[in-house]
Amino acid sequence: MAEDTGPGADGPTQPICAGAVRASLTRTVRTPLDRRRVLTAAIGYIDEHGLDALTMRRLGAHLGVEGMALYRHVTGREDLLDGVVELVIDALYGDPDVYLTPEYGWQDYLQRLAHGVRRMAIAHPEVFPLVATRPPAAPWVRPPLRSLRWLDSFLDALTSHGFSDEAAVAAYRAYTSFLLGHLLLEVSQRGVPISPLDDADADASPPADGRSLAEFPHVRRLAHLLAEDESATEFEESLENLLERLARMLRESERPGSPV
């Protein structure tokens, strides 16, 4: 039998009593719930089971408590969903590759932020449609950057690098539209329903005999190319095109009297 070499060991390791382990576990104090733990559990539950499966009762069971216990930390399902969106977006602040200020210029800032949002969407594809569709806290906050802090950071990054106020706002609209459209398309390609009409279990592939494509010879011929996942490449190319467009907006905004 192996000897215990840990602190205070003075002889052979004694056999572990299963009953003592159970008693110890019984005496273990359960980690108390708080709002963050509830929201984190909700994100994990949605990741595993999908948004439609989430209820207060099921989340309570997932946490080992009665569903009513959650109401001490969230007022209801709507508050729970708002908190999930807030927590997912707040995770961007902890991403070491995303900067809150443009340390290496506005283009680097936007590239890092875009890739951070994409990483978030890929990490939580079942949650991202919620990020895209929850009513914003203010009418001028657009998904997926559903945060006044990120909005202010974005506007500061651009105006501090020469964008006029009008150009910075136009850039914000173009940037968020690009992110939202591309990432919703990407998560939907992963089988995530983005509306109540979507069927996550539906088979999107054509029938094996191809008879449904008989009237569309070009689609049938190029089906193998159309089915390739080029999401990452498309994201990069579209982001580069967007940044070039914003650079033109910057040059135009620097000319007195030039339209944005």
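Key figures
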| read-out | value |
| --- | --- |
| R0 of 45 Å, Cβ-Cβ distance Val219-Ala247: FRET efficiency to nearest 0.05 | 0.75 |
| Net +/- balance of residues flanking Tyr109 in space, Cβ distance below 11 Å, scoring K and R +1, D and E -1 | -2 |
| For segment 30-74, size of Cβ-based charge dipole, Lys and Arg +1, Asp and Glu -1, in debye | 240 debye |
| Estimated inter-spin distance, Asp152 and Ala53, nm [label 7 Å along Cα→Cβ] | 3.9 nm |
| Top positive-direction residue, dipole computed over segment 39-112 with Cβ charges, set Met56, Ala41, Gly83 | Met56 |
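Values in this text are rule-based calculations from the coordinates and carry no lab data. What you see is a predicted model, and the numbers here were worked out from it, not measured in a lab. Quick reminder, even Gly has a Cβ in these numbers, built from the backbone with ideal geometry, and neighbours come from all protein chains shown.
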